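Remarks on the structure that follows.
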Amino acid sequence: MLPRFTGHVVRAVLLAIVGSIDRSAAERLHGAGDPKPYSVTPMRFKASGRTDRGFVLAPSSPCSFSIRFLDDSYSQYLVKYLVEHSDIEVCGGTLRIESVQVSLKSYEELYSKALEVEAFTLRFLTPTYFSKWGVEFHEAFPHPVAVFMNLLNLWNEFSPIKFDKKTFRDWVEKSIAVSGYKLQKPLKTIDIGRGRAISGFSGWCAYRFFPHKEFNEALNKNHLKLLYTLCRFGEFSNVGGNRTGGFGVIKFIPKLAE
């Protein structure tokens with residue numbers, strides 16, 4: 001039986017796998033303090049039925065999910081488990097590992113291949129929200145500063161290439177605007193385990209660069225390249241709150257010059 005949203009299930013699978021190899025490493029992954037050096041996607045599966053508790057996984061049908069590390073030192077535990085085991089325990093059942101796909105990207109590679117794109121769309125594929133400092137409520141709209149500063153904070157935490165946050169925030173506030181969006185937020189909250197439930201928006205939001213007289217051409221070019229980098233990085237890191245539980249999965253769609 002799988003719950004309606006499975007991001008926290010995949011996180012539990014990851015922590016169990018790492019913990020079976022090195023308990024202290026699992027404790028570091030799950031310990032207090034942010035940001036955490038990984039993200040996951042919810043499971044993709046075919047259901048054979050549904051109850052008030054969730055979905056029944058169809059026998060012999062494929063079930064897939066993604067685990068991404070922002071610090072590749074943790075990948076060794078996953079590799080070791082996959083070499084030594086042919087199945088994983090999920091929600092009281094067993095899934096047989098049929099195939100594994102691996103993709104590697106360095107921070108240097110992400111930045112070196114960045115383009116200066118002035119318009120793009122982000123698709124928010126799973127529920128997304130942004131925490132606000134000092135308040136009890138969440139931000140339920142992907143404002144440029146909320147999205148891109150969240151990604152820059154993650155980038156600076158794990159990448160060997162660092163960028164000045166104050167300068168970039170000022171540029172985003174004055175140069176990047178929302179040019180369109182279609183978002184939805186379900187009325188029903190999402191159960192994320194242990195009696196906790198939260199909600200978030202999904203859909204798409206388009207952004208556009210508008211030159212500001214305060215910034216010269218060289219700075220605009222550098223920050224457009226950084227913006228592109230962060231959006232590509234966000235496809236690995238997820239964005240916003242509970243990103244380690246499958247929230248904030250995004251797809252970056254740049255609008256290339258014709």
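Just so you know, all these numbers are worked out from the coordinates, no wet-lab data involved. Since we're looking at a predicted model, the values are computed, not measured. So basically every Cβ, Gly included, is an ideal-geometry build from the backbone, and we count neighbours across all protein chains shown.
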Starting from 0.36 nm per residue, how many nanometres of slack lie between ALA197 and LYS255 once their C-alpha separation is accounted for? 17.3 nm
Could you work out which residue, out of LEU230, LEU104, LEU57, moves most in a Gaussian network model of the chain, that is, has the largest mean-square fluctuation with Cα springs under 10 Å? LEU104
Report, to the nearest 10°, how far helix 144-158 tilts away from the longest principal axis of the Cα atoms in the chain, using its own Cα long axis and a range of 0 to 90°. 70 degrees
Quick one: dipole size for segment 41-149, taken about the Cα centre, charges +1 on Lys/Arg Cβ and -1 on Asp/Glu Cβ, in debye to the nearest 20. 440 debye
Would you work out which of GLY245, LEU82, ALA16 lies farthest towards the positive end of the dipole of the chain, given +1 charges on the beta-carbon of Lys and Arg and -1 on that of Asp and Glu, about the Cα centre? GLY245
Hey, how many Å between the Cα centroid of segment 229-257 and the Cα centroid of segment 203-221? 19 Å
List the aspartates and glutamates whose Cα lies under 16 Å from the Cα of LYS188, skipping any in the same chain that are fewer than 8 positions away. ASP52
Considering the dipole of the chain built from charges on the beta carbon (Lys and Arg +1, Asp and Glu -1) around the Cα centre, which of LEU2, PHE209, PHE158 is farthest to its positive end? LEU2
Between LYS80 and GLU157, what FRET efficiency comes out of the Förster formula 1/(1 + (r/R0)^6) with R0 = 22 Å and r the beta carbon distance, rounded to 0.05? 0.30
Calculated from DSSP H runs of 4 or more alone, at -39500 (n - 2.57) each and per residue, what is the 222 nm mean residue ellipticity of the chain, nearest 500? -10500 deg cm²/dmol
Note on the chain: contact order normalised by length, alpha-carbon pairs under 8 Å, 6 or more apart, percent, works out to 27 percent
Among PHE247, PHE158, PHE130, which one moves the most in a GNM of the chain with springs linking Cα atoms closer than 10 Å? PHE158
Neighbour counts of other C-beta atoms within 10 Å: give me ILE198, ILE161 arranged from fewest to most. ILE161, ILE198
Sites removed, the longest contiguous part of the chain containing no DSSP-loop trypsin sites (Lys or Arg not before Pro) with at most 15 other Cβ within 10 Å is 54-104
Over 21 Å between Cα atoms: which of LYS105/LYS251; LYS162/LYS221; LYS185/LYS225; LYS113/LYS166; LYS46/LYS182 fall into that group? LYS185/LYS225; LYS113/LYS166; LYS46/LYS182
Of CYS91, CYS205, CYS231, which has the largest mean-square fluctuation in a 10 Å C-alpha GNM of the chain? CYS91
Quick one: dipole size for segment 1-94, taken about the Cα centre, charges +1 on Lys/Arg Cβ and -1 on Asp/Glu Cβ, in debye to the nearest 20. 380 debye
Taking a ≥ b ≥ c as the square roots of the Cα gyration tensor eigenvalues, with a/c under 1.5 meaning rounded and otherwise prolate when a/b beats b/c, else oblate, which class fits segment 85-192? oblate
Net +/- balance of residues flanking THR189 in space, Cβ distance below 11 Å, scoring K and R +1, D and E -1: +3
Given a Förster distance of 35 angstrom, what is the FRET efficiency for VAL178 paired with THR94, based on the Cβ-Cβ distance and rounded to 0.05? 0.15
